[in-house]
1. Of A:58, A:99, A:66, which has the largest mean-square fluctuation in a 10 Å C-alpha GNM of chain A?
2. Neighbouring Cβ atoms within 10 Å as the yardstick, rank A:108, B:106 fewest first.
3. Using the alpha carbon gyration tensor of region A:36-82, what are the three equivalent-ellipsoid semi-axes (square root of 5 times each eigenvalue), largest first, in whole Å?
4. Using a ≥ b ≥ c from the Cα gyration tensor of chain B (square roots of the eigenvalues), is it rounded, prolate or oblate, where a/c under 1.5 gives rounded and otherwise the larger of a/b and b/c decides, a/b for prolate?
5. How much length is gained on full extension from residue A:13 to residue A:71, taking 0.36 nm per residue of separation minus their Cα-Cα distance?
6. Please list the equivalent ellipsoid semi-axes of region B:30-86, computed as the square roots of five times the alpha-carbon gyration tensor eigenvalues, in descending order and whole angstrom.
7. What does the extension gain come out to for residue A:51 and residue A:95, with contour length at 0.36 nm per residue minus their alpha carbon separation?
8. Based on a Kirkwood Rh over C-alpha pairs, give the Stokes-Einstein translational diffusion coefficient of chain A at 20 °C and viscosity 1.002 mPa s in µm²/s.
């Protein structure tokens, strides 16, 4: 079956702009989580959505937001971009329960200039 | 402060050598996972362990969950260049997964 698809793969934005990233989970996976990965901080949890509801949120400012649609596809938005937002943004889908692992997408590489 | 500390941070070894990567925390986890990530790609799940003391083997890779469910180790026997990558542990606690700091492994042919 198809894996987790993230679009776009690469983005270059200017400080102050906003950006929307998209994630299509594996069919049948209703849980979608987003992570930010940087060389200095590693993988940091942004938020998790399940059945269109945000179930958990990490310690990021309100400029980072997300949503999930009825078909489980998810988007995350970052407004008023800062240079420090440059990172690899990873989306992961999973079945419910902590015993199931994530299937990650290939990520969106965001560069803010 | 990271909830999960991995050691070593970097490891460069010759093909055929054995190695162990450690993942430590003061927190108790309901489950722990190991992933491998290659450049430009997302992490790929290798294993999930849920029971304290559990040992799982995946070909040349052996994973162990600590008895107290606070730590884990990954042992690779006879490393090959294809094992090169970033190894990440992730522990589940409080409705969330926390990722370790990562171990970057390079296996030299």
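1. A:99
2. Neighbour counts put them in this order, fewest first: B:106, A:108.
3. Value: 21, 13, 9 Å, ordered largest first.
4. Prolate.
5. My answer for the length gained is 18.0 nm.
6. One finds semi-axes of 22, 14, 8 Å for region B:30-86.
7. Here the segment from residue A:51 to residue A:95 would lengthen by 14.7 nm.
8. It diffuses with D of about 153 µm²/s by this estimate.
FYI, it's all coordinate maths here, none of it is from the lab. Computed from a predicted model, the values in this text were never measured in an experiment. As a convention, Cβ positions derive from the backbone with ideal geometry for all residues, glycine included, and neighbour counts pool all protein chains shown.
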